[in-house]
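Engineer: Here's a structure for you.
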Amino acid sequence: MLNREEWVSQDLVGLSELAAKGDVSRREILQTAIREIESRNEAVNAVVLTRFEEALDHLDKTDKADRFTGMPYLIKDLHAPVKGMPLSNGSEKFVGTDMGFDSTTVSRLRNAGIALLGRTASPEFGLTITTESRAWRATRNPWNLDRSAGGSSGGAGAAVASGMVPAAHATDSAGSIRIPAAFNGLVGLKPTRGVNAIGPHRGDPNFGMSHEHAVSRTVRDTAVLLDITAGPDAGCPYFTPAPAGGFEALCKSAPAPLRIGFLTDRFDGKSIDPDSAAAVTHTAKLLTDLGHSVEEARPDFDFETLTSNAFRLLVSSLAGFFPPEFCEGPMEGFEPMTRKSMRYAAQVGLHDYLQRAAVVNTEVRKMSAFFNTYDILLTASTNGAAQPLGVAHLDQDIEFDAFVDLVLDKSPFSVPFNASGQPAISLPVHQTAEGMPIGVQLVSGFGQDGKLLQLAAQIEAASDWKTVAN
């Protein structure tokens, strides 16, 4: 097996190259991942379900040695059915529920040979920016165990940042890939709407605001995983085509000089945490040094109107899962803030629901006009580093509107691009004086994931990121 230093020096691509050369066996790679999960998970509580023996047995029985055969991976406990691997969606009420089938994304990962070692923690229904739940307890940030690992893909973020695996599956409906990536010092891409399939169990989730992909330690892993999972599946309502030749190939060459606009505050002009602002300033200078045209610029849209309506539209989608009469009862087994969210959803009328969608569309069209002038928008990923545990969990008794304000104050940069469907990536460019990761977000035009990944790879090559906690 690989020792700890050898292990954390490799990403998925690197491990696959070691296996192809015969420097280490695929079984040893899996065994090393299992060792790291077993030794690190007690501290951070990222992995909530394991299938180690099943993964090893499947590898032993396979007669193929494709590029990623036996490479270790973890699946989030939200929105991703895996046959034989229960899916609770972070809810104590649904622990142990086996959906009995693989989602399209999971099927494609399996077909590539990737070994699914278990599930990572999520808050209940992914409703908040920290991964703390009655079902799985608190997931801790590997950089500081008293801090949140973010949400809702906090389990994935903590697993990768602690060095258990090089990359892990994640989902994003309001920043749930980019927030944990920023809090844990990782790469986190929310692809363009429709690049990744989201079926067969979901069609047009949350007006297209929900996405799946990964958190990783390197840009090339993010790209190669997208090559594996991208593409339409049968019956999908829409799709966005991947570039010819794939995303990984694009990352091997630098982009042409780009027009980049940046802002060091919020979209509405309010100030943000100084470390987050400094991370943007540092990245803007780096981009200038790399030959890009960089200037301060602000998309023209009503930030409060877009984020408030989009977030409430997202929560309103819960009404499709629970009938109104159920929400009038005690709703036993759910956390307090989840119950309030479900009651809110049950009370939203059809007119209000569709009206919110229309308002979101109007603001998205205004915001997206920015990309007629600029190729890239650079912002902070979050408003500061990871908050202490206990701040944004669902097991608290506050009003629904106050909870929405709390979430959007810490993460004011994510929701607009779930609403627009544009690709957005968080990169681990900075750390606070206390050693906590700070990320920046880069956004490109709809369908321009390849250009975004090219730029991210260029920044990575010119940087010295720290992506594994000590």
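Engineer: If a residue has to be open to solvent by less than 50 Å² (accessible area, probe 1.4 Å) and among the hydroxyl-bearing types (Ser, Thr, Tyr) to count, how many in the range 278-289 make the cut?
Structural biologist: Residues that pass the stated criteria total 1.
Engineer: For residues that are loosely packed, with under 13 Cβ neighbours inside 10 Å and touching a helix residue (DSSP H, G or I) at 6+ places or on another chain (Cβ under 9 Å), scanning just the range 327-346, find the one that is nearest to VAL95 (Cα to Cα).
Structural biologist: GLU332
Engineer: Let me ask you something else. Take the range 339-374 and flag every residue that is over 14 Å from PHE311 (Cβ atoms) and aromatic (Phe, Trp, Tyr).
Structural biologist: Scanning the range 339-374 gives PHE370, PHE371, TYR374.
Engineer: A further question follows. Restricting to the range 246-269, give me the number of residues that are aliphatic (A, V, I, L, M) and more than 23 Å from the chain's Cα centre (by Cα).
Structural biologist: In the first step, residues of the range 246-269 are kept if they are aliphatic (A, V, I, L, M); the result is 249-250, 254, 256, 258, 260, 263.
Next cut, more than 23 Å from the chain's Cα centre (by Cα) only: 254, 256, 258, 260.
Final tally of qualifying residues: 4.
Engineer: Are any residues in the range 290-308 in a helix (DSSP H, G or I), of a type outside the set (D, E, K, R) and more than 15 Å from PHE417 (Cβ to Cβ), and if so, which ones? Can you show your working first?
Structural biologist: So in the range 290-308, the residues in a helix (DSSP H, G or I) come out as 303-308.
From the residues that got through so far, the ones that are of a type outside the set (D, E, K, R) too are 303, 305-308.
THR305, SER308 - these are the residues of the range 290-308 that are in a helix (DSSP H, G or I), of a type outside the set (D, E, K, R) and more than 15 Å from PHE417 (Cβ to Cβ).
Engineer: Checking the conditions here, which among VAL440, VAL468 is under 20 Å from the mean Cα position of the chain (by Cα), crowded, with 19+ Cβ neighbours inside 10 Å, hydrophobic (A, V, I, L, M, F, W, C) and farther than 27 Å from ASN418 by Cβ?
Structural biologist: Step by step, each of VAL440, VAL468 is checked, and only VAL468 is under 20 Å from the mean Cα position of the chain (by Cα), crowded, with 19+ Cβ neighbours inside 10 Å, hydrophobic (A, V, I, L, M, F, W, C) and farther than 27 Å from ASN418 by Cβ.
Conditions (1) under 16 Å from PHE413 (Cα atoms); (2) among the small types (Gly, Ala, Ser); (3) open to solvent by 50 Å² or more (accessible area, probe 1.4 Å), marked per residue:
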| residue | (1), (2), (3) |
| --- | --- |
| LEU226 | no, no, no |
| PRO243 | no, no, no |
| PHE247 | no, no, no |
| SER253 | no, yes, yes |
| ILE272 | yes, no, no |
| SER276 | yes, yes, no |
| GLY291 | no, yes, no |
| ASP302 | yes, no, yes |
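Engineer: Which ones in the range 113-171 are of a type in the set (Asp, Glu) and out of contact with any Leu (no Cβ under 6 Å at 6 or more places or on another chain)? Write out each step before concluding.
Structural biologist: Within the range 113-171, the first condition is being of a type in the set (Asp, Glu), and the residues that meet it are 124, 132, 146.
Once the filter is applied, which keeps residues that are of a type in the set (Asp, Glu) and out of contact with any Leu (no Cβ under 6 Å at 6 or more places or on another chain), the range 113-171 yields GLU132, ASP146.
Engineer: Tell me the residue from GLY390, GLY421 that is surrounded by 15 or more Cβ atoms within 10 Å (Cβ to Cβ), out of contact with any strand residue (DSSP E or B) (no Cβ under 6 Å at 6 or more places or on another chain) and touching a residue at least 12 places away in the same chain (Cβ under 8 Å), please.
Structural biologist: Just one listed residue meets the conditions, GLY421.
Engineer: What is the residue count in the range 393-414 for residues that are open to solvent by less than 10 Å² (accessible area, probe 1.4 Å), within 21 Å of ASP302 (Cβ to Cβ) and either more than 19 Å from the chain's Cα centre (by Cα) or small (Gly, Ala, Ser) (or both)?
Structural biologist: Count: 3.
Engineer: Here's something else I'd like to know. Which one of the conditions (1) open to solvent by 70 Å² or more (accessible area, probe 1.4 Å); (2) over 26 Å from the mean Cα position of the chain (by Cα); (3) within 23 Å of THR120 (Cβ to Cβ); (4) not β-branched (Val, Ile, Thr) does LEU2 fail to meet, given that it meets all the rest?
Structural biologist: The failed condition is (1).
Engineer: Of all residues in the range 128-177, count the ones that are on the phi < 0 side of the Ramachandran plot and in a strand (DSSP E or B).
Structural biologist: Residues meeting the conditions: 16.
Engineer: Criterion first (within 24 Å of ASN361 (Cβ to Cβ), touching a strand residue (DSSP E or B) at 6+ places or on another chain (Cβ under 6 Å), part of a loop (DSSP other than H, G, I, E, B) and hydrophobic (A, V, I, L, M, F, W, C)) does PHE413 satisfy it?
Structural biologist: Criteria met by PHE413.
For every residue, the table says whether it meets (1) touching a residue at least 24 places away in the same chain (Cβ under 8 Å); (2) under 27 Å from THR128 (Cα atoms).
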{"position": "GLY22", "(1), (2)": "no, no"}
{"position": "ILE34", "(1), (2)": "yes, no"}
{"position": "VAL44", "(1), (2)": "yes, yes"}
{"position": "ASP57", "(1), (2)": "no, no"}
{"position": "THR62", "(1), (2)": "yes, no"}
{"position": "GLY70", "(1), (2)": "yes, no"}
{"position": "PRO81", "(1), (2)": "yes, yes"}
{"position": "PRO86", "(1), (2)": "yes, yes"}
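Engineer: Of all residues in the range 36-59, count the ones that are within 16 Å of PRO166 (Cα to Cα) and among the polar types (S, T, N, Q).
Structural biologist: The qualifying residues number 2.
For every residue, the table says whether it meets (1) crowded, with 24+ Cβ neighbours inside 10 Å; (2) among the polar types (S, T, N, Q); (3) more than 24 Å from the chain's Cα centre (by Cα).
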{"residue": "LYS61", "(1), (2), (3)": "no, no, yes"}
{"residue": "MET71", "(1), (2), (3)": "yes, no, no"}
{"residue": "ILE75", "(1), (2), (3)": "yes, no, no"}
{"residue": "LYS83", "(1), (2), (3)": "no, no, no"}
{"residue": "SER88", "(1), (2), (3)": "no, yes, no"}
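Engineer: Within the range 365-385, does at least one residue satisfy the condition of being farther than 24 Å from GLY150 by Cβ and of a type in the set (Val, Ile, Thr)?
Structural biologist: Yes, because at least one residue in the range 365-385 is farther than 24 Å from GLY150 by Cβ and of a type in the set (Val, Ile, Thr).
Engineer: Take ASP221 and decide whether it is of a type in the set (D, E, K, R) and either surrounded by fewer than 22 Cβ atoms within 10 Å (Cβ to Cβ) or farther than 17 Å from VAL195 by Cβ (or both).
Structural biologist: Spelling it out, it is not the case that ASP221 is of a type in the set (D, E, K, R) and either surrounded by fewer than 22 Cβ atoms within 10 Å (Cβ to Cβ) or farther than 17 Å from VAL195 by Cβ (or both).
Engineer: Of these, PHE207, PHE183, which one is in contact (Cβ under 8 Å) with a residue 24 or more places away in the chain and touching a helix residue (DSSP H, G or I) at 6+ places or on another chain (Cβ under 6 Å)?
Structural biologist: Checking each option against the conditions leaves just PHE207.
The values are calculated or read from the model by the stated rules, or taken from the named source; none is laboratory data. Because the structure is a prediction, the values reported are computed rather than measured. When we count neighbours, we look across all protein chains shown, and the Cβ atoms used for this are built from the backbone with ideal geometry, even at glycine. Side chains are part of the model used for accessible areas, which takes the heavy atoms of the whole protein and leaves out ligands, DNA and RNA. Shrake-Rupley method; radii C 1.70, N 1.55, O 1.52, S 1.80 Å.
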